[in-house]
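In what follows, a single structure is set out as structure tokens and then discussed.
Read the figures in this text as sums done on the coordinates, not as results from a lab. Worth saying up front: this structure is predicted, and the values here are computed from it rather than measured. In this analysis, Cβ positions are derived from the backbone assuming ideal geometry, glycine residues included, and neighbour counts consider all displayed protein chains.
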Amino acid sequence: MSPSAKQKNRTDLICVALRSAILERALLPGMKLPEDSLGERFGASRTIIRQALERLAVEGLVELRHNRGAAVAQPSLEEARDLFELRAQVEDLVIARLAKGLTAQQEAALNDHIAREDEASAGPSAISIRLATEFHILMAELTGSPVLIRYVNEIGYRCGFTLSQFSRPHSTHCGIQEHRDIVAALKSGDVAEAQRIARLHLDQVAARAQFNGADINGFSHLDALEPYASTVREKG
């Protein structure tokens with residue numbers, strides 16, 4: 001592997017680790033993310049850490065503040081509402097693309113992911129929210145459209161982030177069944193019906209969120225990153 005490819009691979013690993021830590025609430029809104037401390041934690045250069053933070057900033061999970069460094073983003077209720085409406089419109093395009101010809105391989109990939117959601121349903125809700133978000137990102141990836149993949153990634157992770165902050169406790173089984181319903185609708189090939197079911201699902205997701213002014217301010221220490229960072233270090 002060339003030096004540039006190795007650097008990109010390491011940036012990707014750190015980006016995945018930090019994203020998971022944020023979505024799973026190991027790192028809370030407003031927490032500072034110093035490049036030097038993260039570099040020591042992940043065993044990586046500040047350049048690689050900066051690249052990962054810049055990518056997460058594009059996704060809306062990190063704020064890059066002039067002369068103050070990076071910090072975990074602090075989503076607002078107004079932004080959360082706007083994101084869900086925008087997400088529904090973009091995912092209409094994803095559903096239309098997949099419903100026109102879902103392959104057996106694509107169906108299997110979606111069902112495999114739902115099985116992972118099912119396995120995680122008894123665990124922490126933040127992990128279930130991350131996996132639920134990644135189901136929608138997987139649908140976008142299966143379209144093969146760079147534009148849809150890009151926008152669903154950015155909007156999807158930001159929505160998942162706001163859900164992890166605002167969502168009230170609830171059973172994850174409802175969301176998992178709704179994902180099964182979406183796959184069944186895609187398989188049927190009825191674009192309008194698949195879009196209706198997907199829209200209903202996103203409405204239900206928004207309804208399960210606590211958009212009523214919940215306090216999301218908090219603090220956690222970088223030690224909470226250790227399980228995520230150790231995985232990156234082990235992969236070299």
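Helix-derived [θ] at 222 nm for the chain: sum -39500 (n - 2.57) over DSSP H runs of at least 4, divide by residue count, nearest 500?
-23500 deg cm²/dmol
Which net charge results for the neighbourhood of ALA73, defined as the other residues with beta-carbon distances under 11 angstrom from its beta-carbon, given Lys and Arg at +1 and Asp and Glu at -1?
-1
Compute the acute angle (0 to 90°) between the alpha-carbon long axis of helix 77-99 and the principal axis of greatest extent of the alpha-carbon atoms of the chain; round to the nearest 10°.
The answer is roughly 50 degrees.
Pop out the ³J(HN,Hα) list for the stretch 38-43 in order, Karplus 6.51 cos²θ - 1.76 cosθ + 1.60 with θ = phi - 60°, rounded to Hz; leave Gly and Pro as x.
Along the stretch 38-43, the couplings run 5, x, 5, 5, 8, x Hz.
Below 25 Å Cα-Cα, how many Lys pairs turn up in the chain? Only count pairs eight or more apart in sequence, or on different chains, if you could.
4
What FRET efficiency comes out for the pair ARG81/ARG150, r = Cβ-Cβ distance, R0 = 22 Å, nearest 0.05?
The computed FRET efficiency comes out at 0.45.
Karplus couplings for the stretch 191-204 from phi (6.51 cos²θ - 1.76 cosθ + 1.60, θ = phi - 60°), rounded to Hz, Gly and Pro as x?
Taking θ as phi minus 60°, the curve returns 4, 4, 5, 5, 5, 4, 5, 5, 4, 4, 4, 5, 4, 5 Hz for the stretch 191-204.
So how tilted is helix 46-58 from the main axis of the chain? Cα-based, degrees 0 to 90, rounded to 10.
Between helix and principal axis, roughly 30 degrees.
Calculate the dipole size of the stretch 77-208 relative to its Cα centre from +1 charges on Lys and Arg beta carbons and -1 charges on Asp and Glu beta carbons; express the result in debye to the nearest 20.
40
Scaled to the compact-protein estimate 2.2 N^0.38 Å, what is the alpha-carbon radius of gyration of the stretch 77-208, rounded to two decimal places?
Dividing the Cα radius of gyration by 2.2 N^0.38 Å gives 0.97.
Quick check on the chain: what does the Kirkwood estimate of hydrodynamic radius come out to from the alpha carbon pairs, in Å?
Here the Kirkwood hydrodynamic radius works out to 18.5 Å.
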